[in-house]
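Below: one structure, written as structure tokens.
Values in this text are rule-based calculations from the coordinates and carry no lab data. This is a predicted model, so every value here is computed, not measured. Cβ sites come from the backbone with ideal geometry, for glycine too, and all protein chains shown count toward neighbours.
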Amino acid sequence: MKRFKWPLQRLLDVTLQRELALRAELFALSREIARLRQRIASLRAALRALLAELARRSIEERIPQQEVFMRSAGTDERKIARLREQLHDKETLRSDKTRQFLKVKASRETLERLREEARLRHRKEMERAEQKQLDESAGVSFARRTLATQVKGVS
């Protein structure tokens, strides 16, 4: 029986590699997004802690420190705004990569289904060829026995 060889196997292999690469990129982007969110949350928490500390102080101590806090808070807010822009960019990139990943995954699944259908067709063809060969062997064997019987009968 001849081996099954599917002509699109190379395409399936490449598609599978692309799917794995996109999956890795998606995981990396998700980690980066989580890191940015954590950084934003920690900056916000630090600002809230400083503000709470400032609120606990007396008016005389608070007024001079409040000006410093406000300048510092402005810098931190700009930092947070930049981080949010990065976060938005990463989320947009992740959604694009997710769409690409889903397309490649659907393509891989289609190719796998086609390969399985081709494998089944191949197996059925091989079974038919084998059955045909068995039928021919049985026919030849029957003809030889019949001929041998006739030759013995004539003698």
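Some observations on this one:
- Of the residues Phe142, Phe101, Phe4, the one with the fewest other Cβ atoms within 10 Å heads the list, and the complete ranking is Phe142, Phe4, Phe101.
- Taking the C-alpha atoms only, the angle from helix 9-56 to the longest principal axis of the chain is near 20 degrees.
- Modelled FRET efficiency - R0 41 Å, Leu114 with Leu83, Cβ distances, 0.05 increments: 0.35
- Think of the range 9-154 as a dipole: +1 on every Lys or Arg Cβ, -1 on every Asp or Glu Cβ, centred on the Cα centre; then among Leu50, Leu20, Ile40, Leu20 lies furthest on the positive end.
- Set of lysines with alpha-carbon distance to Lys90 below 22 Å, sequence-local pairs under 8 removed: Lys79, Lys103, Lys105
- Rounded to the nearest 20 debye, dipole of the range 1-40 from Cβ charges on Lys, Arg, Asp, Glu: 140
- In degrees, nearest ten, helix 59-154 long axis to first principal axis of the chain (Cα): 0
- Charge dipole (Cα centre; +1 on Lys/Arg Cβ, -1 on Asp/Glu Cβ; no other charges) of the chain amounts to roughly 540 debye.
- Matching label, mean projected area of the Cα convex hull in nm² computed from the structure shown, candidates (i) 14.4; (ii) 11.0; (iii) 9.5: (i)
- Taken along the Cα-to-beta-carbon direction at a fixed 7 Å, the label points for Glu127 and Arg56 span 8.0 nm.
- Structure-based [θ]222 nm, the chain - -39500 (n - 2.57) summed over DSSP H runs of at least 4, per residue, nearest 500: -35500 deg cm²/dmol
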